[in-house]
Structures are given as structure tokens and as C-alpha cells.
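Here's the structure, in C-alpha cells; my notes come after.
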């Protein structure tokens, strides 16, 4: 599951125009924090990683940072229409990548024949 979380981080970082290393770095710049929170949100929704594992992945001191990030994105999603559209756009990109990975896996294993 950490590989899938890394893919989510890469997708979100590309969407926000930064590198994955910057997105997960310990920085408090608003544009970086906003992207990091979105990456945490999607990792929490789409993986089964624990809060502690997410905290380690995103260089938070403990799991409370991941809880705060998830809740802040969820609250903003519920109140801002343009933010919700952005999240839907990122979600579509993640889902398309996931479908491609599943198809590639079938083709590599000749399972679909």
C-alpha cells in the first residue's frame, strides 16, 4: 500500500507543480501545506495505511497531523465549491492511474486470456 500512497503523492505534487520531496518535507509554506493536506486526504481515503504510517510518510511528528490534514480538507470540501471541483479532478486522475495499473498487471501476467 505504501507504493500506492507514493503514487498519490506524486500525482498531487505534479498537480500542484512541486516535487514529491518538497510536498513531504517539513515546511510550513501555505502552498506546500495545502498540497500536503490533499495528499494525506487521498492517502487516507484510498489506502489502508494507519494514521501512524501516514504520519511517517508525510514527516509529521505523530498521527495528529494526519488527522488535522484530513479534517481540514474535508471541511473545505464541504464549504468551497471550487475546492470540491479540484478534489474531484485529482480523484479522477488517481482513479485513471489505478485503472491503468490494474490493466498493466493483467497484461504482464497474461491473466486476462
Exercise. Taking the condition closer than 14 Å to residue 87 by Cβ and in contact (Cβ under 8 Å) with a residue 12 or more places away in the chain, does residue 18 pass?
Worked result: no
Exercise. How many of the residues in the range 38-51 are assigned to a helix (DSSP H, G or I) and touching a residue at least 12 places away in the same chain (Cβ under 8 Å)?
Worked result: 9
Problem set entry | Hits in the range 52-99 - residues which are modelled with pLDDT of 90 or more, closer than 21 Å to residue 14 by Cβ and outside any helix (DSSP H, G or I) | 58
Exercise. Within the range 3-37, can you find the residues that are part of a helix (DSSP H, G or I) and surrounded by fewer than 13 Cβ atoms within 10 Å (Cβ to Cβ)?
Worked result: 3, 21, 30, 31
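The values are calculated or read from the model by the stated rules, or taken from the named source; none is laboratory data. As the structure is a prediction and not an experimental result, all values here were calculated from the model. Note that we place each Cβ from the backbone using ideal geometry, even for glycine, and neighbour counts take in every protein chain shown.
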